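Reviewing the structure listed below.
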């Protein structure tokens, strides 16, 4: 955005020169900042990848470059012979996080619309209850939940993993969406309704496209939160419904007491990269289409 | 207005009411009380049929082949394997949750040696007596002690583990027999510019293991026969004092305060440590690890003691039968099968898991494959189990926190033991 | 040009053609709101309300005691608020049922220190995460070649499962680990209080700043570009534009981000549990809860409830006095209606 206005401002050639230098400076500052951020975010990840590719016999070697490179750790991570079912766990996590995100977004959009747009009594209470759900120590929820789900024979089922996940991401979803919806130009929706749209149509056709960046960000956050959920999954999943976090936590060394660092790092690499790629593809294909020009 | 409100929150109210009702019948107290549990202990003793065996991660594929063998021989009493995480705390919590929920599918469980008393006192484990009696003949006595609570056997020893001393035989020709002797040899380490001794001194369960060894070796005791703490004694003072003095004068390097098993192994394999207290698993790795610089220059010995071998703490696992199991007769047979000499040998050869049967330690074929067995036998024969108490989780916290403070120097040894005794005493007076 | 103006051009019918009575309007809105909110409430009720009600009931029971004759645990009976008093006044039961001040090495002796540690971690991490997150978001919002690389990189720390992250940092901060090797230091990262806390804080900031950045970025993207254009034409400086436009407009998103980070940080568990196990002054309230669950469920339930209350108070203060926008004005509206 800085480029277009800076040039627009400039009236004379001299001013143009100054402006150009300013733009150069601004953009090189942007690049420097970007590089610093990228390095900060990726350096520990780099070390994780180095470890993931390192021979297990050199687990503790602190050489900061790729040495003793091997694919063995990845083989270990996927080795069903050693009881590591990372492939199945990836599918489970994908399914569970996907459903969680979809349902949480749907419910969240409903609730946020009501909270941001409608007048009704007890709004503060609803917001309080929703927020309250993020206040109880997660570790204390597990035991009673386990008993509840055992009573209704749900342990090990997908719904037993999905429903708690939805409740964990809902508070954030509702709050983010509410705060964004409140900023929406709702007069447009009114206008659309006067044009003959139903309330649902007006919302879908006018408001949703505008809210896309917010909804998408919320979706990423919800998806990753669900993807990373461990506590509930570790207690309520079984072999068939195990998620990646549980699968990784169950890795073991070839000997008792031996920590399977290298295999854990390999698995960490395997589950992180597709996630990031997935998010980027989504971002490109869907959001770019919906919000073209919004940030330029 | 009021009507609208009530309509809107009607579903909520209904759910809240349902929640109350459920929590009322779900046994809000959490731990299955002793009362109804003892009723279960008499039930299903003749039950036969399929059962589930629960164990932490099967590191080196030992359990599955054994189960295949059992299942082939018992088509009507098949055993299903439920594999838990590799983390002991998580295994513990998973068992607790399932016992609390009276899960009939957790028939037989592999429990860490320190959990027997807790699970037994909660009424979750079937006493292995009368109809359920299983043979402990030939098992090393210390291992049987870990499975015994109030004079009754609740869990059957399955695998064992004991501490042994790794030393650099290129620098120390004969290993030290006593703690003093070992401290005397630390000058050798100093001359070579390496560290002298390390065990597991980070604040976690490993510290309890090491402190218990130090105290027991000097004749001290943490909890007496009556379940009351006896740790504030002269012997215990010497034991903990040995560690604290060694830490202060540098014989134990300062970074050892961050060591769990793996960090100590790393240091030893890198040739930076003269003596290391660790479990037998280090043996194979130090011989084969690419980064190991001590492949041919290390030896093993029993832990140094007061005037002979030291008193190792015991690791390993026992097997217990859930009182909620429907097929206890099958479970009992399965226990016998898993602790038979053939199965025990398979544990050792396939998974480097130490047997609980004393004879196997002298088996020439096994010793050839696992050269540390004779040393380990001495270790386990002189071992003292960590305190057998239903309050173990609180007791180990008391030991860890106070001894760690003593090592750091923020507390004197006297103060640490006084606090330890007081903390254990509040823990066990519930 | 931002997109949000485009559809507006289409319609300009006379407003108010479907005039409705205010009361009827509110009634229909109320019914619609109830319908829209019910799914959220049902899910939260199943998963959160049940355990919370359960915990509160449990917290009023004594922990099971050991029957000295049989050596088995028996139910402890009604306790009133004894479990709460135990934590808040750090009182333990000594030998013979006497009440003593909890000795060092018991969990009861750690309640206030754990509360302090939890707040310490929360304040420091959220502070740095907000600043760094804002900065990252501002950079990410700029249009430049290679922006997608930046966005991908920022996602990485957040996308790695927490348990793996904690293991990674534990490994990095080992004495013979990469951190000491790289910087030629020999710091006992997990062996004494200051470095142990620093290690956990660094790991937490690394892991969760992207969360902040993404939320703030979404807030920035909602700001129509033409506002900036107008401000520039008026001659506002960069700083003025930031203070007068960016900050107020991004405030709702920022506040939600901070609020949820605070709530999460107050329940911090994984990082300290794996990196230090709570040693060296890093025991947070959640670690205390987990350790207590292994010792006595009912005291643990009381501790969970206390933790819940502490977090509730913090959230309340936050919402009331610092203005987490979503709640603030929404509640204002609701109140207006009631009067």
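What the table shows:
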item	result
Residue with peak Gaussian network fluctuation, chain A [Cα springs, cutoff 10 Å], from A:122, A:83, A:108	A:122
Residue mean of other protein chain beta carbons inside 10 Å, B:49-61	3
Pairwise FRET efficiency - residue A:208 versus residue A:91, Cβ, R0 = 22 Å, nearest 0.05	0.15
For segment C:112-298: rounded, prolate or oblate by the Cα gyration tensor [a/c cutoff 1.5]	prolate
Mean residue ellipticity (222 nm) of the protein assembly as shown, computed from DSSP H runs ≥ 4 via -39,500 (n - 2.57), nearest 500	-18500 deg cm²/dmol
Shape call, chain C: gyration tensor on alpha carbons, a/c limit 1.5	oblate
Residues of segment B:130-169 with amide N under 15 Å of a point placed 7 Å along Cα→Cβ from residue B:381	B:138-143
Fluctuation leader among C:122, C:185, C:307 - chain C, Gaussian network, Cα springs under 10 angstrom	C:185
Crossing angle, helix B:341-351 versus chain B [Cα axis fit, 0-90 degrees, rounded to tens]	70
Principal semi-axes in Å for segment A:51-108 [√(5λ), Cα gyration tensor, largest first]	35, 16, 7
Chain B: angle of helix B:234-248 to the longest principal axis, Cα-based, in degrees nearest 10	70
Alpha carbon Rg of chain B, scaled by the compact-globule rule 2.2 N^0.38 Å	1.09
Shielding by partners, peptide B:202-212 (average Cβ within 10 angstrom, other chains)	2
Shape call, chain A: gyration tensor on alpha carbons, a/c limit 1.5	oblate
Efficiency of FRET from Cβ geometry, residue A:151 and residue A:106, R₀ 25 Å, rounded to 0.05	0.35
Gain upon complete extension [residue A:39, residue A:186; 0.36 nm per residue less C-alpha separation]	48.8 nm
C:158, A:71 arranged by Cβ crowding within 10 Å, fewest neighbours leading	A:71, C:158
Of C:103, C:39, C:157, the one that fluctuates the most in a GNM where chain C has Cα springs shorter than 10 Å	C:39
Cα-based convex hull, the protein assembly as shown, per residue volume (Å³, whole number)	176
Inter-probe distance in nm under a simple model that places probes 7 Å from Cα toward Cβ, at residue A:81 and residue C:321	6.3
Point-to-point label distance, residue B:340-residue C:148, nm (Cα→Cβ direction, 7 Å offset)	6.2
Nitroxide proxy distance, nm - points 7 Å out along Cα→Cβ at residue C:27 and residue B:365	8.9
Residue B:295-residue B:69 FRET efficiency (beta carbon distance; Förster radius 35 Å; 0.05 resolution)	0.50
Residue exposure sequence - B:424, A:35, C:124, C:258 - by fewest surrounding Cβ within 10 Å	A:35, C:124, C:258, B:424
Over chain B, relative contact order from alpha-carbon pairs under 8 Å, at least 6 apart, %	25
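Each value in this text was obtained by applying a stated rule to the coordinates, not by laboratory testing. Everything numeric here is computed off the predicted structure, so don't read it as measured data. Virtual Cβ from ideal backbone geometry, glycine too; neighbours counted across all protein chains shown.
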